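Working notes, beginning with the structure itself.
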Amino acid sequence: MPTGLSLHIGLNKVDPARYDGWDGRLLACENDARDMAELARRAGFGDTTLMTPDGTVDNVTAELRKAAARLTDGDIFLFTYSGHGGQVPDRTGPDDEPDDFDETLVLFDRQFLDDELHEELRRFDEGVRILALLDCCHSGSAVESVQGVISPMAMEAHFQTSDPQQLEAASRLMPVVRQQQIYDRDQGFFDELQRTLKNRDGQKPGPGVVLISACQDNQLASDGPVNGAFTETLLRVWDRGAFRGGHRAFHRTIQGRMPATQSPNFYTTGAPAAGFLRQRPFTV
């Protein structure tokens, strides 16, 4: 019988000592992690949660490597993250990131590059099924830039405000000014990390990964009083296991219940098997 393992990360704030005084306070991310861990347990997964102070790069990496060492062909890994999203400039060349930025998960002690996450996922056996659900802003775009794409009326309807400072508080976007400050401070570290990861790219074929994320690159992911907007909708669509479609249908149903200002994205890396894509989500 296949084995299912899951890792759920929820950060309601970050370490201000590592982010130049910014604590990134949010409301619902720990609830998201707890609720996704409960969903995973009900579906037959073993679950691990890392809440706010434990959501460090070392802890996340260690848990990913534990799962990779245990799971083999035919097993499944579920990875969920709720917290801030950010970006850092990609200095490794135009063929790596078309938008010249690496997206990041804003972990408790530092930003975790998407390339780092991909590197860890490549440690898994090629036959392991991986589903990643990310409830965060991926674009790292300035609120002003987002307002150029989404009308003030739409912003008002989705976030009940169009004021940039209030939008930062209501969404899971790491403030762009803060992103730039942190990058300027740590540029040497990130540049070297990107070069190292790029040199390793493609050395080992990785498993197929299905990613369903909270929003498109030019949108913001909304926080909430109980759950993030994406996680709340996902849980309603799942309906304690009543949902019976495959991964693409799951994404489309969630997307259909979200406002136009936050449209969840469906993305794959590697080559997920057609059977996995058709499979009901969270099937061990």
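A few comments on the model shown:
- Whole-Hz couplings from phi, Karplus 6.51/-1.76/1.60, listed for segment 108-122; x for Gly and Pro: 4, 10, 5, 6, 10, 5, 4, 5, 5, 4, 4, 4, 5, 5, 5
- Approximating the spin labels as points 7 Å out from Cα along Cα→Cβ, the residue 218-to-residue 189 distance works out to 3.3 nm.
- The calculated FRET efficiency for residue 274 paired with residue 48, based on their beta-carbon distance and R0 = 35 Å, is about 0.75.
- A straight chain from residue 198 to residue 109 at 0.36 nm per residue would run longer than the Cα-Cα distance by 29.8 nm.
- Checking every one of the trypsin sites (Lys or Arg not before Pro) in segment 225-258 against DSSP loop status and a limit of 14 other Cβ atoms within 10 Å picks out 244, 257.
- ³J(HN,Hα) computed for each position of segment 269-279 - Karplus, 6.51 cos²θ - 1.76 cosθ + 1.60, integer Hz, glycine/proline x: 10, x, 9, x, 4, 4, x, 5, 4, 7, 5
- A cut-off of 5 Å between modelled amide H atoms, ignoring neighbours fewer than 5 places along the same chain, links residue 24 with 14.
- Distance (nanometres) between label positions extended 7 Å along Cα→Cβ at residue 248 and residue 177: 4.5
- Directionally averaged shadow of segment 205-264, computed from the convex hull of its alpha-carbon atoms, nm²: 5.2
- Segment 1-100: C-alpha gyration tensor shape, a/c 1.5 cut-off, then a/b vs b/c: oblate
- Gyration tensor (alpha-carbon) shape descriptor, segment 185-284, a/c threshold 1.5: oblate
All of the numbers you see were taken from the coordinates with simple rules; none came from a lab. A quick note: this is a predicted structure, and the numbers were derived from the prediction, not measured. Every residue, glycine as well, gets a Cβ built from its backbone with ideal geometry; the counts of neighbours run over all protein chains shown.
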